[in-house]
Amino acid sequence: MSKSVLNISKDILKLFRDGNEVPLNNISYKFTKTEKLVFLAYSSKIIKFNNDELGITTVINNTEIAKLCNLTVATVVTARKSLEKTGLIKVKNIDKFKHQVIIVGYENLHLTKDEGGSGYVKIGFNMFKELCKLTANELRIAFDLILSIDSNKGNKFNGTDSLTRNYSFIKKYLPSYVDCKKKVKEILKKLDGLFDLTFKEDNIQAKEIQTYNVENYLACVSKGNRKFIKKILKNTNINFDRKDLSDLVQMSIEYGCKSISNALMYIFLNTISIKETLGGLVRTLIKSASFNGLNTLNVN
């Protein structure tokens with residue numbers, strides 16, 4: 001079960017984009033590529049059922065996260081321990097293999113600056129999967145471009161959807177051995193396709209590619225999910241109306257289409273009566289499965 005959109009604190013992304021040690025909880029720390037990806041993976045597993053459960057993942061295991069990030073289980077275990085030590089996450093063990101992760105401070109993401117919030121960026125799950133393929137240096141620059149493009153969108157006085165980055169400016173987020181414009185450009189070229197980049201003598205112009213625009217991505221996912229969920233409802237003869245379908249499509253963005261599908265099949269195979277709303281019943285079933293360590297409901 002993975003979210004279609006990840007909400008990531010801007011402050012954390014700023015820590016992740018730096019190639020040198022950064023101050024964190026009164027110590028200096030340098031995050032590894034693995035730690036960054038595992039943190040993003042945990043963010044994709046956060047499931048919100050009510051306002052008392054913000055920042056808590058569904059029950060997960062290290063193998064699941066390893067497959068998601070294309071890492072070894074041992075590497076994920078090491079990264080999880082490091083992230084816990086830095087104070088970015090807390091871990092609640094369920095049993096020997098299963099656990100839940102709590103993203104520290106996640107409940108503050110939606111607060112205004114005056115309320116103590118630092119702001120957050122939205123990353124589509126499709127973007128996250130591409131980030132997992134990058135090298136450590138490519139990932140640092142990708143984080144900078146994600147932050148900058150998001151900030152550029154919010155600037156109503158900017159008048160353009162592109163931003164300009166000098167090579168010397170980008171270099172400050174990279175390790176000291178990346179010491180010239182040529183090396184910076186070589187890294188940037190690997191990101192052309194994830195971002196719309198135009199290379200110039202002393203700078204690049206960067207724009208968002210519409211495939212990775214969160215609103216466009218969600219619209220595409222919603223369209224596919226609606227068609228899939230409607231087919232299941234008709235095949236199982238479960239009574240539904242337009243509101244039920246809309247509710248289920250919206251939930252599929254938060255909980256994943258597979259979770260909705262399994263809940264509907266569970267209702268059908270166990271002939272469960274719908275006492276209130278179809279969406280409410282599906283949500284209850286998914287929550288029960290998620291927090292009891294089941295990735296999917298047993299529909300066999």
Inset, instruction - Just one of (1) hydroxyl-bearing (Ser, Thr, Tyr); (2) surrounded by 22 or more Cβ atoms within 10 Å (Cβ to Cβ); (3) under 30 Å from residue 171 (Cβ atoms) trips up residue 75, so point out which. - result: (2)
Inset, instruction - List the strands (runs of 3 or more DSSP E) that sit entirely inside region 87-190 and contain at least 3 residues that are buried (at least 19 other Cβ atoms within 10 Å of the Cβ). - result: 98-103, 120-124
Legend entry - Among residues of region 24-43, those that are among the β-branched types (Val, Ile, Thr) and not in a helix (DSSP H, G or I), counted: 2
Legend entry - residue 220 free of Cβ contacts under 8 Å to residues at least 12 places away in the same chain and either of a type outside the set (A, V, I, L, M) or open to solvent by 20 Å² or more (accessible area, probe 1.4 Å) (or both): yes
Inset, instruction - Give the number of residues within region 191-219 that are part of a helix (DSSP H, G or I), touching a strand residue (DSSP E or B) at 6+ places or on another chain (Cβ under 8 Å) and not aromatic (Phe, Trp, Tyr). - result: 2
Legend entry - Hey, residue 55 among the small types (Gly, Ala, Ser), on the phi > 0 side of the Ramachandran plot and open to solvent by less than 30 Å² (accessible area, probe 1.4 Å) or not: yes
Inset, instruction - Determine which member of the set 236, 198 is polar (S, T, N, Q) and farther than 21 Å from residue 130 by Cα. - result: 236
Legend entry - Among the residues listed as 48, 67, 3, 14, the single one being among the basic types (Lys, Arg), open to solvent by 10 Å² or more (accessible area, probe 1.4 Å), in a helix (DSSP H, G or I) and at pLDDT below 95: 14
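The values are calculated or read from the model by the stated rules, or taken from the named source; none is laboratory data. None of these values were measured; they are calculated from a predicted model. Cβ atoms come from the backbone with ideal geometry, glycine included; neighbour counts cover every protein chain shown. Protein only, heavy atoms only, side chains kept; ligands, DNA and RNA dropped before computing areas. Shrake-Rupley method; radii C 1.70, N 1.55, O 1.52, S 1.80 Å.
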